[in-house]
Amino acid sequence: MSRKPIIVGNWKMHNDVAQTRQLLGDLHARLGGIAEVDVGVAPPFTSLMLASELLADNRILLSAQNVHYAEEGAFTGEISPKMLASIGVDMVIVGHSERRQFFAESDEMINLKIKAALSSGLMVIVCVGETLEEREAGRTMQRVGSQVRSALAGVDAADMRKVVLAYEPIWAIGTGRTATPAQAQAVHEALRKEVEQLFDEGVAGRLRIQYGGSVKPSNAASLLSEPDIDGALVGGASLNAEDFEQIVLAARPWI
Ligand code: PGA
């Protein structure tokens, strides 16, 4: 089954409003008309409103980096799916390892966030990944399998069209150390089987699974040429328009 590649830049806590304007202007010129690849950016909350205006007339998708699971309420400092949708945000990253690690997000909380975002009509990038210790102990699949099962518990099969899975080994994030294409492919294949067991072959076959963790222009093509790697979630390299463009071009199906 052919799946449209999806490349998303996770800006993390980078870029103020002026820097956002500049980078998006550059990305618009380079990638604004691209049709063969879904391209997205995930700026910080303070830039989302501006980004929504700047991206209104092109194909680049707008993502948030986090969301709360309630529609509204006494949750100081939080932002709801409905609020994101109201300013034209298309999708949200949920379960990033930095949120799990530094902000104590549990599997249960992540599951609530995913279901809330989907019911507000947002697409969701669901992140899973193992630590170096877990990999070395041979527990990679056990770990990411259980993350996927709890993340997707209670999600409707119909809503799975709006879900993208991102496999991000924690030891590869921001470290310059990338999983080899074969290592990543093995996990992606196993994750697709896991989703087939949870739903069915159709859902699993359609599901796009991104790889994330030190993706850069020099390694993007070899990762993306693996049969079960359908895109990339790019951190550091997404802050540079030229590097990000190179990664997107490496995902074009005819290359
Ligand atoms: P990196 O981050 O590309 O800087 O390793 C990836 C991510 O955390 O999504």
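Figures for the structure shown
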| item | result |
| --- | --- |
| Residue, nearest to Ala117 (Cα to Cα), within segment 38-53, restricted to residues that are out of contact with any Phe, Trp or Tyr (no Cβ under 8 Å at 6 or more places or on another chain) and surrounded by fewer than 21 Cβ atoms within 10 Å (Cβ to Cβ) | Phe45 |
| Checklist (1) under 17 Å from the mean Cα position of the chain (by Cα); (2) open to solvent by 60 Å² or more (accessible area, probe 1.4 Å); (3) modelled with pLDDT of 95 or more applied to Gln147, failing item | (2) |
| Failed item in (1) open to solvent by 60 Å² or more (accessible area, probe 1.4 Å); (2) at pLDDT 95 or above; (3) among the β-branched types (Val, Ile, Thr), with Val234 passing the rest | (1) |
| Filter result (buried (at least 17 other Cβ atoms within 10 Å of the Cβ) and either assigned to a strand (DSSP E or B) or not aliphatic (A, V, I, L, M) (or both)) within segment 15-29 | Asn15, Thr20, His28 |
| Answer residue from segment 1-14, given it is surrounded by fewer than 21 Cβ atoms within 10 Å (Cβ to Cβ) and within 16 Å of the ligand (Cβ to nearest atom) and is nearest to the chain's Cα centre (by Cα) among those | Lys12 |
| Single condition Ser52 does not satisfy, out of (1) polar (S, T, N, Q); (2) in a helix (DSSP H, G or I); (3) in contact with a helix residue (DSSP H, G or I) (Cβ under 8 Å, 6 or more places away or on another chain) | (3) |
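The values are calculated or read from the model by the stated rules, or taken from the named source; none is laboratory data. Model, not experiment: these values are computed from the prediction. As a convention, Cβ positions derive from the backbone with ideal geometry for all residues, glycine included, and neighbour counts pool all protein chains shown. For the accessible areas, the whole protein counts, side chains as well, though only heavy atoms, and no ligand, DNA or RNA atoms are used. Shrake-Rupley method; radii C 1.70, N 1.55, O 1.52, S 1.80 Å.
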